[in-house]
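The values are calculated or read from the model by the stated rules, or taken from the named source; none is laboratory data. Quantities reported herein were computed from a predicted structural model and do not represent experimental measurements. Virtual Cβ from ideal backbone geometry, glycine too; neighbours counted across all protein chains shown.
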Amino acid sequence: MTKAITGQVFHIIHGSFVDGHGIRTTVFLKGCPLRCLWCCNPEGQQKTPELKASLSRCTFCGNCLNVCPPRAIAITSPAGEKKIEIDRELCTNCGKCVEVCYTGALEIFGEIMSVDEVHRIVAKDREYYKRSGGGVSIGGGEPTLQPRFTYDLMKKCQADGIHVAIDTCGYTATKLGRQILDEADLLLFDMKGMDDEDHRRQTGVSNRIILNNLARVGEMGRPIIIRMPLIPGFNDSRQKIEDAARFLSRYKSIEKIHLLSYHQFGTIKYTQLGRPYPLQPLAAQGADELAAIQQILESYGLQTQFGG
Ligand code: SF4
Ligand code: SF4
């Protein structure tokens with residue numbers, strides 16, 4: 001018997017309108033090679049499962065304390081107010097506490113699923129895809145970090161007539177990772193900036209591999225939507241936007257640039273995962289600044305839209 005190909009999945013969302021064309025089912029995979037300072041999906045960064053604690057839901061029933069093998073949970077009352085505390089150094093993310101937490105205060109991000117299991121779930125939405133021109137989007141995290149799983153899931157969906165979009169940071173140097181980018185029906189490709197030094201400081205990795213991959217799929221004429229987060233003071237100066245526009249305008253298969261304006265919606269997730277938020281709060285761009293960015297990109301013949 002052949003072994004089933006499995007992956008670490010942390011979320012499946014039905015009915016998304018922002019992950020490609022039409023109505024989509026989006027599969028989120030664990031693990032990302034980048035550490036963008038502004039990341040709003042920190043639950044996707046680590047490859048392994050992670051305990052999330054929404055402590056406002058805790059009723060202090062104490063169930064979790066009794067089942068935690070390494071005794072990583074404690075109820076404390078530092079300033080007379082009860083608090084549940086998780087020692088992340090001790091926690092092994094085993095998930096035993098989640099099974100007895102009936103309020104939903106504790107959850108585990110990350111579940112091992114097979115290609116067939118995920119395919120069965122996403123195929124149920126086939127009618128929505130047909131009617132809306134939608135399909136499945138595979139993101140994360142970074143889907144090329146689980147290349148075998150992502151490739152097999154993509155091929156199984158495509159063989160079944162389901163359109164597949166890959167939401168990628170573009171940082172992959174493996175043969176199978178590149179094949180995923182080359183054979184996807186649509187790429188939702190993140191573009192964080194052209195300056196390599198900036199890129200290293202802000203994401204933890206060089207942008208060389210990313211830009212080479214983008215250039216390759218652009219030259220192949222693969223359908224691409226660029227996603228560009230606009231981080232105040234990081235990648236939004238006139239010069240930096242012009243550099244990006246000059247590069248992107250070479251590739252005619254880029255359908256659109258989705259501009260993602262700065263927000264801090266992910267901050268709470270860092271607290272829930274017991275991690276500090278890596279970026280000091282920044283003042284978001286005003287409407288005039290955003291319009292100027294859009295105008296620069298469009299002056300290079302690129303189509304833009306905010307959101308998505
Ligand atoms: S996930 Fe396991 S180790 Fe971590 S707090 Fe819960 S029971 Fe304890
Ligand atoms: S089981 Fe859930 S609700 Fe009960 S103390 Fe633990 S975290 Fe709080």
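Note on the range 43-89: enclosed strands (runs of 3 or more DSSP E) holding 2 or more residues that are more than 9 Å from ligand 2 (Cβ to nearest atom), at negative phi and touching a residue at least 40 places away in the same chain (Cβ under 8 Å) are 50-53.
Is it the case, given these coordinates, that C97 is part of a loop (DSSP other than H, G, I, E, B), surrounded by 15 or more Cβ atoms within 10 Å (Cβ to Cβ) and within 13 Å of ligand 1 (Cβ to nearest atom)? In short, no. Within the range 205-235, if we keep just the residues that are closer than 20 Å to L34 by Cα and over 21 Å from the mean Cα position of the chain (by Cα), the residue that is surrounded by the fewest Cβ atoms within 10 Å (Cβ to Cβ) turns out to be G233.
Applying the set (1) at pLDDT 95 or above; (2) in a helix (DSSP H, G or I) to G221 leaves exactly one unmet item: (2). Please enumerate the residues belonging to the range 90-109 that are more than 10 Å from ligand 2 (Cβ to nearest atom), β-branched (V, I, T) and touching a residue at least 40 places away in the same chain (Cβ under 8 Å). If the condition is that a residue be more than 10 Å from ligand 2 (Cβ to nearest atom), β-branched (V, I, T) and touching a residue at least 40 places away in the same chain (Cβ under 8 Å), then I108 is the only one that fits. Among the residues of the range 33-48, not a single one is more than 30 Å from E197 (Cα to Cα) and either among the basic types (K, R) or within 13 Å of ligand 1 (Cβ to nearest atom) (or both). Restricting attention to the range 132-144, report how many residues are surrounded by fewer than 24 Cβ atoms within 10 Å (Cβ to Cβ) and in a helix (DSSP H, G or I). Residues flagged as surrounded by fewer than 24 Cβ atoms within 10 Å (Cβ to Cβ) and in a helix (DSSP H, G or I) within the range 132-144 amount to 1.
Does at least one position in the range 146-166 carry a residue that is within 21 Å of R227 (Cβ to Cβ) and acidic (D, E)? Within the range 146-166 (the criterion being within 21 Å of R227 (Cβ to Cβ) and acidic (D, E)), the answer is no, since none of the residues qualifies. Among residues that are in the same structural domain as S253 (by TED's automatic domain parsing) and within 15 Å of G7 (Cβ to Cβ), K175 is not included. Exactly one residue out of A287, A283 is free of Cβ contacts under 8 Å to residues at least 60 places away in the same chain, over 12 Å from L230 (Cβ atoms) and more than 24 Å from the chain's Cα centre (by Cα), and it is A287. Just checking, which of A284, A292 is surrounded by fewer than 17 Cβ atoms within 10 Å (Cβ to Cβ) and part of a helix (DSSP H, G or I)? Within the list A284, A292, the selection yields A292. Of all the residues in the range 73-94, those that are β-branched (V, I, T) and either in contact with a helix residue (DSSP H, G or I) (Cβ under 9 Å, 6 or more places away or on another chain) or surrounded by 14 or more Cβ atoms within 10 Å (Cβ to Cβ) (or both) number 4. Each residue in the range 100-124 was checked for being surrounded by fewer than 16 Cβ atoms within 10 Å (Cβ to Cβ) and of a type in the set (G, A, S), and 1 pass.
Quick one: is E255 outside any loop (DSSP other than H, G, I, E, B) and under 25 Å from D182 (Cβ atoms)? Criteria met by E255. Taking the criterion of being surrounded by 15 or more Cβ atoms within 10 Å (Cβ to Cβ) and either over 16 Å from Q305 (Cα atoms) or among the charged types (D, E, K, R) (or both), the only residue of the range 257-267 that qualifies is G266.
For the range 68-92, the set of residues classified as β-branched (V, I, T) and either within 11 Å of L106 (Cβ to Cβ) or away from ligand 1 (no atom under 13 Å from the Cβ) (or both) consists of I73, T76, I84, I86, listed by residue number. The condition (being within 16 Å of the chain's Cα centre (by Cα) and aliphatic (A, V, I, L, M)) is satisfied by just one residue among I5, I75, I13: I13. In summary, G20 fulfils each of the numbered conditions (1) assigned to a loop (DSSP other than H, G, I, E, B); (2) in contact with a strand residue (DSSP E or B) (Cβ under 9 Å, 6 or more places away or on another chain); (3) over 16 Å from P143 (Cβ atoms) with the single exception of condition (3). Scan the range 172-198 for residues that are crowded, with 20+ Cβ neighbours inside 10 Å and more than 15 Å from M228 (Cα to Cα) and the total you get is 6.
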